[in-house]
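Q: Handing you this structure, nothing more for now.
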Amino acid sequence: MTTALTDNFGRTIEYVRLSVTDRCDLRCHYCLPEGYRDFQEPAEWLTFDEIERVLRVFAELGVRRVRLTGGEPLTRRGLPELAARLSRLPGIEDLSLSTNAVQLKKFAGALYRAGVRRLNISLDSLRPDRFAAITGGGHLGKVLDGLMAAKTAGFAPIKLNMVVMKGVNDDEIEGLVRFCLEHGFTLRLIETMPMGATGRAAAEHYLDLQEVRHRLADTFELVPAVMPGGGPARYVQVAGTSLKIGFITPLSQHFCETCNRVRLAADGTLYLCLGQDDKLELRPLLRAGIRDGELKSAIRAAVAHKPERHEFREQPGKIVRFMARTGG
């Protein structure tokens, strides 16, 4: 095994967010524009063999955590097979999945058997009409069925991700807290980000989560907490319960100084920062026959130039790619 991946700011990279598709079966208005059809062709995606090879190399470089993302990863045919292959890679200690849960009822058991243990599930509203409006026609009942199937399958923790939008769903935050208390889920609140035209359009609904934290403290007794997982959330716990609430605050309180992750898009583009354009195109290298040693050197060189931080506040129009194209 080789020494750990580090960038020029002393941060160790031990977490890869792996997108397996840029497609999704929902159309959340902050992620994909209505009527968007400019998806990549499947031939442009990395194959399972290519993904396994790249992640094996990352593991040999010290990566220990992998999260399967999209788009919606459950729309990629054979995903449990890929999960099983990745969970068997030496060095990979934590395999998780981000999903909208529309198809989770069907796949929960297979994913758990494949080695996935933790889930992040997008849930912006518990009102069927509002959920449909936010997601472009999605059915809340399918998501709730998927949630319960995941709970039955044994996934833990199950984290619900709520993108908080002023005037859209911010009146439901306390309701989501109580829902998580009832079912034993973790709640993570996320600020809107100016990713692509849709993300910038959603900026009019931006809500500083520092305000939300103070608001919740008026209703619930909150105490500091930590939670494993390698992500950017800062956690509190509702006193006297097991419920933890995470705040992901890329604008009001960025977390760049502790960033430990890179994103591998479905087409093999390695993005070094969500809010910058620095990247390494891996697919052409793989299909040109690059050797493992050369691949490691290319990854090391790219990570060494990982930007210090994003500029969502300073340059909100900088990133034109959509979140679904980058990988969640």
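Q: When the accessible area of the chain is split by element with a 1.4 Å probe, what percent falls to carbon and sulfur?
A: Numbers: 6970 of 13580 Å².
The computed percentage sits at 51.
Q: If you count only protein heavy atoms with a 1.4 Å probe, what accessible area per residue comes out for the chain, rounded to a whole Å²?
A: Counting only protein heavy atoms, the per-residue value for the chain is 41 Å².
Q: Still on this model: To make sure I understand the rule: partners must be lysines, Cα under 24 Å from the Cα of K159, and not fewer than 8 residues away in the same chain. Which ones qualify?
A: The reachable lysines, counting only those whose Cα sits under 24 Å from K159, are K105, K106, K142, K151, K244.
Q: Pull out a ≥ b ≥ c, the square roots of the eigenvalues of the alpha-carbon gyration tensor of the stretch 207-280, then state rounded if a/c is under 1.5, prolate if not and a/b is larger than b/c, and oblate in the remaining case.
A: Working: a/c = 3.43, a/b = 2.19, b/c = 1.57.
Because a/c hits 1.5 or more and a/b exceeds b/c, the stretch 207-280 counts as prolate.
Q: For the stretch 239-307, what log10 I(q)/I(0) values come out of the Debye formula at q = 0.21 1/Å, with one point per alpha carbon and no solvent?
A: With no solvent term, the Cα-only Debye profile gives -0.93.
Q: Right, next: Which residue fluctuates most in the GNM of the chain (Cα springs below 10 Å): G240, G229, G184?
A: Sorting by GNM fluctuation, first place goes to G240.
Q: Taking the stretch 1-112 as the region of interest, what is the percent of Cα-Cα pairs per 10 angstrom bin, listed from the shortest bin to the one with the maximum distance?
A: Once binned at 10 Å, the Cα pair distances of the stretch 1-112 give 13, 41, 31, 14, 1.
Q: Sticking with this one: Past the 27 angstrom mark, what percentage of all C-alpha to C-alpha distances in the chain do you count? Can you show the working numbers first?
A: Working: 22466 of 53628 pairs.
Considering the chain, 42 percent of its Cα-Cα pairs are separated by more than 27 Å.
Q: Return the percentage of antiparallel bridges among DSSP beta bridges fully within the chain, rounded to the nearest 5 %.
A: Of the beta bridges lying entirely in the chain, close to 35 percent run antiparallel.
Q: For the Cα atoms of the chain, what angle does the longest principal axis make with the long axis of helix 48-60, in degrees from 0 to 90, nearest 10?
A: Approximately 90 degrees, to the nearest 10.
Q: Relative contact order for the stretch 118-269: what percent, with Cα pairs under 8 Å and sequence separation of 6 or more?
A: Value for the stretch 118-269: 19 percent.
Q: For K306, which lysines qualify as cross-link partners when the Cα separation must be under 20 Å and same-chain residues fewer than eight apart are set aside?
A: List returned: K279, K296, K318.
Q: If one takes the longest principal axis of the Cα atoms in the chain, at what angle in degrees, from 0 to 90 and to the nearest 10, does the Cα axis of helix 209-219 lie?
A: Relative to the chain, helix 209-219 is tipped by roughly 40 degrees.
Q: Going by average Cβ neighbours within 10 Å, how do the peptides 113-123, 48-58, 93-103 rank, with the highest at the top?
A: So the peptides 113-123, 48-58, 93-103, ranked by packing, come out 93-103, 113-123, 48-58.
Q: Over the Cα atoms of the stretch 1-56, how large are the radius of gyration and the largest Cα-Cα distance (Dmax), in Å?
A: Rg, Dmax (Cα atoms, Å): 16.3, 47.
Q: Taking only the alpha carbons of the stretch 61-121, what extent do you get along each of the three principal axes, in Å, biggest first?
A: That gives 34, 18, 18 Å along the principal axes, largest extent first.
The values are calculated or read from the model by the stated rules, or taken from the named source; none is laboratory data. Predicted model only: the values in this text are computed from it and were never measured. A quick note on method: Cβ atoms are made from the backbone with ideal geometry, for glycine too, and the neighbour counts reach across all protein chains shown. Quick note on the areas: whole protein, heavy atoms, side chains included, nothing else; ligands and nucleic acids left out. Shrake-Rupley method; radii C 1.70, N 1.55, O 1.52, S 1.80 Å.
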